[in-house]
Structure formats: structure tokens, C-alpha cells
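**Student:** The structure's right below; bear with me while I get my questions together.
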Amino acid sequence: MKDLYRCLDGYIPELLQALTALWGAAPASEESQALVAALAEAMLEPQNIERVLATLSPEAREALQDVVHAGGALPGQRLALRYGGVRRLGPARLAREQPWRQPQNALEELLYKGLLFRAYDT
């Protein structure tokens, strides 16, 4: 399983900036690596975790609880069937539509709050 830094490193700059604001991170610069480092540090702070978890909808809370009870990873298809799928948006569309402002379902809410990541495993 990928670590937090590697998961965040794949995000586009606009999403990294949105997440740094949500998590209260203070990056040294606007460069991608600085955003990732500051964001990861903020995401590991217990008070930030509690604050962000308190903003979750009941459906997102339930989805996160399912992932936690499964040991931290579940097949995306199983989650999508229960909570709704995550739209596949390219970088330009992500930057234009900013889906983190209005996620369409529980999985998008978790993804765009940095609490759920896509990863591929065998």
C-alpha cells in the first residue's frame, strides 16, 4: 500500500492547494513538493484529523468506517456499489469544476478531503 506522501504526490496542484486550506497546512512555497510535505504533516496532526472528521456527512462516515474495519483497503467497485462512484476527471476538468467544493457522493467527499485514495494492487 502506498504511503501518504506518495498518495498526495499524484494530486494536481489545485487539489493540493484546496486540501492544504482544508487541513490548515502552511506550505513553505506553492511548489508541489512543499504542498505535499506541509499537507502530509497537517494530516498527521490528531486535532486536524478530528476537525476534518467532524465535517463528514453520515454517509461518508459510514464509508470510512467500512474501509477502516476492512484494514484500510477495499475494492473500489464494492465501495462504489454502496456509496456511489468517483467520477474520472482529467486534470483540466478537475481544475475547472473543482469537485471538492461539491462532491456528488460519500466516496467523492472522502477522496476530496484526503481521507480516501485510489490505489491499484494485485
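Residue-wise test of (1) more than 21 Å from Y5 (Cα to Cα); (2) of a type in the set (K, R); (3) surrounded by 13 or more Cβ atoms within 10 Å (Cβ to Cβ); (4) more than 13 Å from the chain's Cα centre (by Cα).
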| residue | (1), (2), (3), (4) |
| --- | --- |
| L74 | no, no, yes, yes |
| L79 | yes, no, yes, yes |
| Y83 | yes, no, yes, yes |
| P91 | no, no, no, yes |
| R96 | yes, yes, no, yes |
| P99 | yes, no, yes, no |
| P103 | yes, no, yes, no |
| L107 | no, no, yes, no |
| L111 | no, no, yes, no |
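**Student:** Can you tell me how many residues within region 11-40 are surrounded by fewer than 21 Cβ atoms within 10 Å (Cβ to Cβ), in a helix (DSSP H, G or I) and either among the β-branched types (V, I, T) or under 11 Å from the mean Cα position of the chain (by Cα) (or both)?
**Tutor:** 2
**Student:** Name the residues in region 67-95 that are in a helix (DSSP H, G or I) and either in contact (Cβ under 8 Å) with a residue 24 or more places away in the chain or within 12 Å of A106 (Cα to Cα) (or both), would you?
**Tutor:** Restricting attention to region 67-95, the residues satisfying the condition of being in a helix (DSSP H, G or I) are 67-69, 76-83, 91-95.
Hits for region 67-95 are V67, G76, L79, A80, L81, R82, Y83, P91, L94, A95.
**Student:** Within region 46-55, does at least one residue satisfy the condition of being among the small types (G, A, S) and open to solvent by less than 70 Å² (accessible area, probe 1.4 Å)? Spell out the reasoning first.
**Tutor:** Step one: filter region 46-55 for residues among the small types (G, A, S), giving 54.
This time we only want the ones that are open to solvent by less than 70 Å² (accessible area, probe 1.4 Å), so: none.
Looking through region 46-55, none of the residues is among the small types (G, A, S) and open to solvent by less than 70 Å² (accessible area, probe 1.4 Å).
The values are calculated or read from the model by the stated rules, or taken from the named source; none is laboratory data. Only a predicted model underlies this, so the values are computations on that prediction, with no experimental measurement involved. All Cβ positions, even for glycine, are placed from backbone atoms using ideal geometry, and neighbour counts span all protein chains on display. Each accessible area value is taken on the protein alone, full model and side chains, heavy atoms only, with ligands, DNA and RNA left out. Shrake-Rupley method; radii C 1.70, N 1.55, O 1.52, S 1.80 Å.
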